[in-house]
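**Q** Before I ask anything, here is the structure I am working with.
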Amino acid sequence: MNTEMESVAIYSDLGDDPDLGDLVALFVEEMPDRAATIRSHHAAGERELLRRAAHQLKGAAGSYGFAPISAAAAELDMALRSGAPDDRIAAGVERLVHLCLSARAGVGPSGV
């Protein structure tokens, strides 16, 4: 992983919603598996499976209030659709994985 990436926890915009808090927590619990799947598809050169995983994550992360993860997944999806070079794909994968592993349930320190 790129050591220049800062490790900052990412909290859902919906973390304080009493009706959705448990669903957000379940989504966060899945993130290590999603990150592993993304890395696995990338390592195996499975661009179409990687694209599908990024596309699915884009929608799910957006639905659960994780806009930064959704945006990174959308960028990777588009890069894969456009046939971007391997170095750009690798950078997108690492950024997305980093963000996935930074996701946290609950409310952040600033109340968001």
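The values are calculated or read from the model by the stated rules, or taken from the named source; none is laboratory data. Remember, it's a predicted structure, so these values are computed and weren't measured experimentally. Note that each Cβ is placed from the backbone with ideal geometry, even for glycine, and that neighbours are counted across all protein chains shown. Note: accessible area is taken over every heavy atom of the protein model, side chains too, but ligands, DNA and RNA are not part of it. Shrake-Rupley method; radii C 1.70, N 1.55, O 1.52, S 1.80 Å.
**Q** Can you name every residue in region 30-46 that is touching a residue at least 40 places away in the same chain (Cβ under 8 Å) and open to solvent by 20 Å² or more (accessible area, probe 1.4 Å)?
**A** Within region 30-46, Pro32, Arg34, Arg39, His42 qualify.
**Q** Can you tell me which of Leu20, Leu49, Leu26 is under 14 Å from Ala105 (Cα atoms) and open to solvent by 70 Å² or more (accessible area, probe 1.4 Å)?
**A** Result of the check over Leu20, Leu49, Leu26: Leu26.
**Q** Restricting to region 65-106, name every residue that is within 15 Å of Asp13 (Cβ to Cβ) and open to solvent by 70 Å² or more (accessible area, probe 1.4 Å).
**A** Within region 65-106, Arg104 is the sole residue that qualifies.
**Q** Please go through (1) farther than 20 Å from Ser102 by Cα; (2) modelled with pLDDT of 95 or more for Pro18 and return the number of the only condition it doesn't satisfy.
**A** Single failed check for Pro18: (2).
**Q** Among the residues of region 25-47, is there at least one that is more than 15 Å from the chain's Cα centre (by Cα) and either in a helix (DSSP H, G or I) or more than 17 Å from Val93 (Cβ to Cβ) (or both)?
**A** Taking every residue of region 25-47 in turn, at least one turns out to be more than 15 Å from the chain's Cα centre (by Cα) and either in a helix (DSSP H, G or I) or more than 17 Å from Val93 (Cβ to Cβ) (or both).
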